[in-house]
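J.: Sending over a structure as structure tokens; questions will come in a sec.
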Amino acid sequence: MKPMDEQHFAILRRHMVEVIAIHADLMSDELGRAKLDGRVLAAMGRVPRHLFVPLELAAVAYHDGPLPIGFDKTISQPFICALMTDLLAPEPDEVVLEVGTGLGYQAAVLAELAARVWSVEIVEELAGEAGLRLRRLGASNIGIRIGDGSRGWAEHAPYDRIMVTAAADNPPSALLDQLRPGGRLVMPLGPADAQILTVIDKDAAGTLYAREFLPVRFSRLETVL
Ligand code: SAH
């Protein structure tokens, strides 16, 4: 069999976006609406997901499921990635912090929608790989740092939006501190087998409001003591 080329991947990517839309429709009771933001779906339709998985998994990159990226980590299912991006709702002039770069797929999607993305990854090899992939793609509005993202990235704070793609029992206080008033954080919260995708809004006075969405399963946010 010959290898897949860009045309094949483009068709699979269109299908992925359609499957995400079906998934959102099926979850409309849980989500309180039947459709995700068209800008998010368009961004997912542009980012070449097959370049953000290990080479040997490129052919299955557009399946609506998570995939292993090494180091016991996974790239999230496309529907979950789309939903988290939709819930985060970054605007074109906004600055986003992502915690948990992995191989950089979510960062690439966010960079399609926001002015600037700063992403922190604790596994050095993943951060390096993500940097390579994003550079190859020509994404110029993403900065990556190796480190413990539960401490945020103070240098570029405050952030309009923060997305954490690893789970913890509670949102790290440094991240809440680095969120601007009027900003929003999206993160899976809870124990290993019962995490809930949660949106936390900070109002102009600095008060936090949490809203819970779907049960999800993410790897843990590691903390360095
Ligand atoms: N956003 C990624 C998915 C990453 S999976 C994507 O789009 O594919 C979660 C990632 O969080 C893993 O790469 C893991 O190494 C990273 N991680 C875990 N704890 C972390 C921490 N404290 N700081 C930064 N990254 C962390």
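The values are calculated or read from the model by the stated rules, or taken from the named source; none is laboratory data. Please read all numbers here as calculations on a predicted model, not as lab measurements. Glycine also receives a Cβ, built like all others from the backbone with ideal geometry; neighbour counts cover every protein chain displayed. Side chains are part of the model used for accessible areas, which takes the heavy atoms of the whole protein and leaves out ligands, DNA and RNA. Shrake-Rupley method; radii C 1.70, N 1.55, O 1.52, S 1.80 Å.
J.: Quick one: how many residues across segment 67-115 are of a type in the set (Gly, Ala, Ser), more than 9 Å from the chain's Cα centre (by Cα) and not in a helix (DSSP H, G or I)?
T.: Selection size over segment 67-115: 5.
J.: Pick from 174, 157: which is within 16 Å of the ligand (Cβ to nearest atom), in contact (Cβ under 8 Å) with a residue 60 or more places away in the chain, open to solvent by less than 50 Å² (accessible area, probe 1.4 Å) and farther than 23 Å from residue 77 by Cβ?
T.: Of the residues listed, the single one that is within 16 Å of the ligand (Cβ to nearest atom), in contact (Cβ under 8 Å) with a residue 60 or more places away in the chain, open to solvent by less than 50 Å² (accessible area, probe 1.4 Å) and farther than 23 Å from residue 77 by Cβ is 157.
Table: residues versus (1) within 20 Å of residue 198 (Cβ to Cβ); (2) in contact with a strand residue (DSSP E or B) (Cβ under 8 Å, 6 or more places away or on another chain).
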| site | (1), (2) |
| --- | --- |
| 74 | yes, yes |
| 93 | no, no |
| 125 | no, yes |
| 145 | no, yes |
| 163 | yes, yes |
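J.: Right, another one. Cβ-Cβ under 8 Å, sequence separation 6+ or interchain: first residue in segment 89-118 and more than 18 Å from residue 146 (Cα to Cα), partner more than 12 Å from the ligand (Cβ to nearest atom) and modelled with pLDDT under 95. Which pairs?
T.: Listed pairs, sorted by first residue: 111/139.
J.: Scan segment 117-144 residue by residue and report those that are within 20 Å of residue 51 (Cβ to Cβ), outside any helix (DSSP H, G or I) and touching a Leu at 6+ places or on another chain (Cβ under 6 Å).
T.: 117, 142
J.: Taking the stated definitions as given, is residue 198 away from the ligand (no atom under 11 Å from the Cβ), surrounded by 15 or more Cβ atoms within 10 Å (Cβ to Cβ) and within 15 Å of the chain's Cα centre (by Cα)?
T.: Against the criterion (away from the ligand (no atom under 11 Å from the Cβ), surrounded by 15 or more Cβ atoms within 10 Å (Cβ to Cβ) and within 15 Å of the chain's Cα centre (by Cα)), residue 198 qualifies.
J.: Identify all residues within segment 174-193 that are in contact with a Lys or Arg (Cβ under 9 Å, 6 or more places away or on another chain) and modelled with pLDDT under 95; write none if there are none.
T.: 192, 193
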